[in-house]
Amino acid sequence: MSTVKPYNQTGKKEEVEQMFDQIAHSYDFLNHFFSLGIDIIWRKRAIKELKKYAPKKVLDVATGTADFAIQSVKSNLQADEIIGVDISEGMLEVGRKKIKEKGIDHIIQLRRGDSEQLPFEEKTFDAYTVAFGVRNFENLELGMSDMLRVLKTGGVGVVLEFSKPTVFPIKQLFRFYFRFIMPTVGKWISKDSRAYTYLPESVDAFPSGNAFLEVMKKVGYSNTRMIRLAGGIATIYIGEK
Ligand SMILES: C[S@@+](CC[C@H](N)C(=O)[O-])C[C@H]1O[C@@H](n2cnc3c(N)ncnc32)[C@H](O)[C@@H]1O
């Protein structure tokens, strides 16, 4: 897997942190705008899978502005505690504000943390979630195995990520939209010239479908499976400890 970085100047982790700090103010708007709100439906679909495990203590990795954690509360996951971690303080700041405004700061807490070296003891959580985060990890296998480490035995990891559609005409339409429309509009609104060019490049370079399940199996997940969404534009991956 080749390393695709936002700016090609330093390490991937530093550049990803810098990029998300930079676009944090427009991230929520652009996310829902570009996906026409479909990202919300995808998060709800992933939470439906998570609910089957009735987790009480949940870790939301690469939580960003906390959309997945907030949606979990809205969708009645009934977790007692959700901890969101992210490397970008800029994204966390936006997330903290949203959580406070919604009056759910007694359930969700956000803290700075790296997926590859999580600041938690092993076997701490019943479940973890990552939405549109794993593609940005500097070392995917390290991130996937550290998230497994903090799961209790029998716990579940639910990953939502962009994948590569293979079906005509979704594949062609998606390619055009992702490569031409999004970078142009994204650059204009976020004021970051690389963020929305990095997005399609990073999806292209990332293991999709079975290749991702292979990574999960390799680092020790069991009962791995996937659910393809919108002809493969995104996929939910599930694995247990
Ligand atoms: C596309 S955003 C997704 C945010 C959120 N999960 C959502 O569904 O909108 C990706 C996030 O991953 C975070 N990230 C990237 N690498 C990370 C790492 N190694 N550890 C923790 N967070 C990371 C970024 O800072 C960014 O906030």
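Descriptive notes on the structure:
- Dipole magnitude of the chain about its Cα centre (Cβ charges: Lys, Arg +1; Asp, Glu -1), debye to nearest 20: 840 debye
- Cβ-Cβ distance of ASN31 and ASN223, R₀ of 22 Å, FRET efficiency by 1/(1 + (r/R0)^6): the value works out to about 0.15.
- Rounded FRET efficiency, nearest 0.05, which uses the C-beta distance separating ARG179 from ARG112 and R0 of 45 Å: 0.85
- Distance (nanometres) between label positions extended 7 Å along Cα→Cβ at GLU141 and THR3: 1.5 nm
- Beta bridge orientation in the chain: antiparallel %, DSSP, nearest 5: 40 percent
- Relative pair counts by distance (%), Cα atoms of region 141-218, 10 Å bins: 15, 36, 27, 19, 2
- Each residue of region 131-139 was assigned a 3J(HN,Hα) from its phi angle through the Karplus expression (A = 6.51, B = -1.76, C = 1.60, θ = phi - 60°), giving 10, 6, x, 4, 4, 8, 5, 6, 10 Hz with x at Gly and Pro.
- Charged-residue dipole, Cβ positions (Lys, Arg, Asp, Glu), region 1-66 about Cα centre, Debye nearest 20: 600 debye
- Rounded to the nearest 20 debye, the dipole size of region 111-189 about its Cα centre is 540 debye, using +1 on the Cβ of Lys and Arg and -1 on the Cβ of Asp and Glu.
- Cut-off under 5 Å, modelled amide H: who pairs with ASP60 long-range: ILE83, GLY84, VAL85, THR129
- Computed over region 5-85, the quotient of the alpha carbon radius of gyration and 2.2 N^0.38 Å is 1.26.
- Taking ALA211, ALA131, ALA79 in turn, the Gaussian network model of the chain (Cα-Cα springs below 10 Å) assigns the largest fluctuation to ALA211.
- Theoretical ellipticity at 222 nm over the chain - DSSP helices of four or more residues, -39500 (n - 2.57) apiece, nearest 500: -13500 deg cm²/dmol
- Per residue Cα convex hull volume in Å³ - calculated over the chain: 110 Å³
No value in this document is a laboratory result; all are computed from the given coordinates. Since the model is a prediction, treat every value here as computed from it, not as a measurement. Heads up, the Cβs are rebuilt from the backbone with ideal geometry, glycines too, and the neighbour counts pull from every protein chain shown.
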